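One structure below.
The values are calculated or read from the model by the stated rules, or taken from the named source; none is laboratory data. It should be emphasised that the depicted structure is a prediction, and the values quoted were computed from it without experimental measurement. Every residue, glycine as well, gets a Cβ built from its backbone with ideal geometry; the counts of neighbours run over all protein chains shown. In case anyone asks, the SASA skips ligands and DNA or RNA and just uses the protein heavy atoms, side chains included. Shrake-Rupley method; radii C 1.70, N 1.55, O 1.52, S 1.80 Å.
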Amino acid sequence: MKYGNPPEDLGVVLATCDEMMHYQCLPIKLINTTEYRIPKRLQWVKPMLDRIPFPENKYVYLTVRNTFITKGFSGSRPGWHSDGFLTNDISYIWSDCLPTEFAIQEFSIDENCNDSLRQFDEQYCPMNVTHYDNKSLLKLDSSVIHRPANNFDIEGLRAFVKISVSSDRYNLYGNSHNHLLDYKWGMIQRNEGRNHQKG
């Protein structure tokens, strides 16, 4: 696979969150269903969901953080990475400030999770790093290499949304449970490695 492709820009989505929150990989649509269900507190994300096609044969997960950030802290784990590494997962991301950075270039990597993280970091060129406007909804596949931006001067609330579309159950301990859906599956301990949402 060629890594270092740009995301697809789906345009600006105007949305506002007025309370702090943290949902991690909350299932909002189960496989072989056609509708999604989201808690009332997350209704502000609906304008983003309305722009996304949800295949019937996929799960859809919602990660939402509205947290207080300070200089030196972006609210996310640092480092270059690929969402859904070695999968066909699709992610859509949105933030109201401190937009995600993308390395638009060719990478030569081993398709091993830990090695690839190091290689992305070693090979990226600062001249190839770009970002999109605040509140842009961006579509990513596993070829899109990105990282949280360094926070040099922002102090205040930052809202971040990721919508993940996958054939797989995201089954790591700590993931949020959606009580509006009828499901139950075994959970696996999460580890330090990133790029993998399932055990």
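Across the chain, the longest run free of exposed loop sites, meaning trypsin sites (Lys or Arg not before Pro) lying outside DSSP classes H, G, I, E and B with no more than 12 other Cβ atoms within 10 Å, spans 72-183. Averaged per residue, the chain has 52 square angstrom of accessible surface, using a 1.4 angstrom probe with ligands and nucleic acids left out. Amide H to amide H distances under 5 Å link Ile145 with Gly4, Asn5, Ala103, where only residues 5 or more positions off or on other chains count and H is placed in the peptide plane.
Working note: 222 nm ellipticity from helices only, DSSP H runs with n ≥ 4, each -39,500 (n - 2.57), summed and divided by the residues of the chain, gives -2000 deg cm²/dmol to the nearest 500.
Taking all protein chains together, Phe73, Phe85, Phe152, Phe107 sort by accessible area into Phe152, Phe73, Phe107, Phe85, largest first [probe 1.4 Å]. The dipole here belongs to the range 1-125: it is taken about the Cα centre, uses +1 on the Cβ of Lys and Arg and -1 on the Cβ of Asp and Glu, and is about 600 debye.
Note on the range 52-119 and the range 129-152: Cα centroid distance 8 Å, given to the nearest whole angstrom.
Given their separation in residues at 0.36 nm each and the Cα-Cα distance between them, Leu181 and Asp18 gain 56.2 nm when the chain is fully extended. Charge dipole (Cα centre; +1 on Lys/Arg Cβ, -1 on Asp/Glu Cβ; no other charges) of the range 52-199 amounts to roughly 540 debye. Once all protein chains are placed together, Ile104 keeps about 60 Å² accessible to a 1.4 angstrom probe. Remark: the Cα gyration tensor places the chain in the oblate category, a/c being 1.5 or greater and a/b not exceeding b/c.
The C-alpha radius of gyration of the range 3-93, expressed as a fraction of 2.2 N^0.38 Å, stands at 1.20.
Considering only Phe120, Phe160, Phe68, the Gaussian network model of the chain with Cα springs below 10 Å gives its largest mean-square fluctuation to Phe68.
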